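Here the structure is laid out as structure tokens; the discussion comes afterwards.
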């Protein structure tokens, strides 16, 4: 998939990025010919079923996996030639719980990694305290990491990614396996990073999260990027809108499925006697006729809403079609 | 400055971790002490009424010979195994990728871990050595600066082989022939528990290719007879030449292993 590129704004760029693993003489194409252009200040959400290649893509961009062919740039630094500069530009948080020293407490762990980032002692102390406060971990700063809950571990991992205040953040499933309150806190922090013009690429299985955070979404399946676009555009691909209607009296399908409108309705679903929803390709073409029809049937409309498909539906549609 | 700060944070991490395993640390020192004590008593028993002409270049004291050999092998283990062990340890803790992402070159991370291991070994060896000197009244004429120089030079030299071992372990994940061959041969033919002159000629020829042979010879002379630099210059020159070979080769093998692991996506596998 090729996209137009705005060179002066893009922070992450990949060109035909491909990774082939060889397992017992068999080739596994983990990612194939990935072409991305992620803009400065953008939140790019990567969706894909398990084993789609999301983690491989994120780790290849992070220089932790060498591509078989193709190339990538982060902040204009090449992942093969300028690996140290690429790493300095990135704050990484993977989904693994085991990524800290169990015998050190939260503060000591951040101090350890912050020192390796080369942050000056005084600044580091302030930064750690700020981040512990931001992630609501200040009460746990003296607690050994091995005593941390899953949510606390996740937050500490994100805090580490923020330590050196990089331009680019790569988060692999940042809210998986944690409670909704913590997940919301993390999403708020991710949005606040975007407000600071940071570029974020994250993978998730949480469609609500994707809907909430994404400026653009990439759908990856079996190593291939099936689609990259804004949420609204991806939803339009499905050619589907749902009109939900509530009226004052009971209504049957026959009453609205009459000539002039019948052929435009893909699906009728009754919710209650006086509530129904219809699936159409374009609500604008149907709405006026539908309202007229209901009025002519002496039905008073109490509520009427038009809904676009969810990201979950879009995702399932792309992946299922790819399997076919 | 940044290098020293990073080194310090590794040492601090080592202290916090090791002190949290106090029982393990104490038992480790106790085991080592008991092991060396056995050699001490055995040497006392064998020394009684006997002389050992082959040990004359090293002061002639069997106990001092055995103890220095045993202690030195602790440092060989540090040089040989600490890189490999630190890689495996970071892999098993899941921290290796984050260490790399911290923009600190991997070779620096290995050096920090190596120095940390060196410090802990020195604490262990120092405690035990003092203890033994007091118990057995070992007569020593130490040239401290020269001894330290030889010790550090030999560690640098063997570190090259340790780097190769770490490079191999990044690919094989467990079990590397380089470390196994080197440590087994060193224990057998480099004069740890007996002088190499006792070995048959064909076996002795292997010892000439091993850095511990020259390190042990020079170290014993400087520790036990107060030898000067000129007395051990041949051993030192050979160790320097060996270092010039092992370090670049070690870095090369390590880089190849590291890139292979990135190629196969197995950096964190162990």
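Please treat every number below as a calculation from the coordinates, not as lab data. All of these numbers come straight from a predicted model, not from anything done at the bench. In this analysis, Cβ positions are derived from the backbone assuming ideal geometry, glycine residues included, and neighbour counts consider all displayed protein chains.
Structural remarks
- Average Cα contact separation per residue, chain B, under 8 Å, 6 or more apart, as relative contact order %: 26 percent
- Using the Cβ-Cβ distance between residue B:50 and residue B:198 with R0 set to 22 Å, the FRET efficiency works out to roughly 0.90.
- Ratio Rg/Rh [Cα only; Rh per Kirkwood] for region A:44-144: 1.03
- Across region A:50-117, Cα pairs under 8 Å and at least six residues apart give a relative contact order of 19 percent.
- Crossing angle, helix A:287-296 versus chain A [Cα axis fit, 0-90 degrees, rounded to tens]: 40 degrees
- Once you reduce region B:231-270 and region A:13-92 to the center of their Cα atoms, the two points are 29 Å from each other.
- With helices as the sole contributors, chain B gives -26500 deg cm²/dmol at 222 nm; each DSSP H run of n ≥ 4 counts as -39500 (n - 2.57), and the sum is divided by every residue.
- Contact order for chain A, expressed relative to its length and based on alpha carbon pairs under 8 Å spaced 6+ residues apart, stands at 19 percent.
- P(r) weight above 32 Å for the protein assembly as shown, C-alpha pairs, percent: 59 percent
- Measuring r between the beta carbons of residue B:4 and residue A:39 and using R0 = 45 Å, the FRET efficiency lands at 0.65.
- When the helices of chain A are scored as -39500 (n - 2.57) per DSSP H run of n ≥ 4 and the total is divided over every residue, the value at 222 nm lands at -10000 deg cm²/dmol.
- Folded to 0 to 90 degrees: helix A:106-116 orientation relative to chain A principal axis, Cα: 70 degrees
- Separation of alpha-carbon centers, region A:139-209 and region B:59-135, rounded to whole Å: 37 Å
- Expressed in Å, the radius of gyration and Dmax of the Cα atoms of region A:203-261 are 18.0, 52.
- By definition, a body whose alpha carbon gyration tensor gives a ≥ b ≥ c is oblate when a/c is 1.5 or more and a/b is not larger than b/c, and region A:76-225 fits this oblate description.
- q = 0.07, 0.09 Å⁻¹, chain B: log10 I(q)/I(0) [Debye, one scatterer per Cα]: -0.27, -0.45
- Arranged from fewest to most other beta-carbon atoms within 10 Å of their beta carbon, B:93, B:101, B:71 become B:93, B:71, B:101.
- Computed across chain A, the Kirkwood radius stands at 22.3 Å (inverse of mean 1/r, all Cα pairs).
- Residue B:26-residue B:173 FRET efficiency (beta carbon distance; Förster radius 45 Å; 0.05 resolution): 0.90
- Put in order of Cβ neighbour count within 10 Å, fewest first, the listed residues B:87, B:138 become B:138, B:87.
- Panel order for A:102, B:270, by other beta carbons found within 10 Å of each beta carbon, from fewest to most: A:102, B:270.
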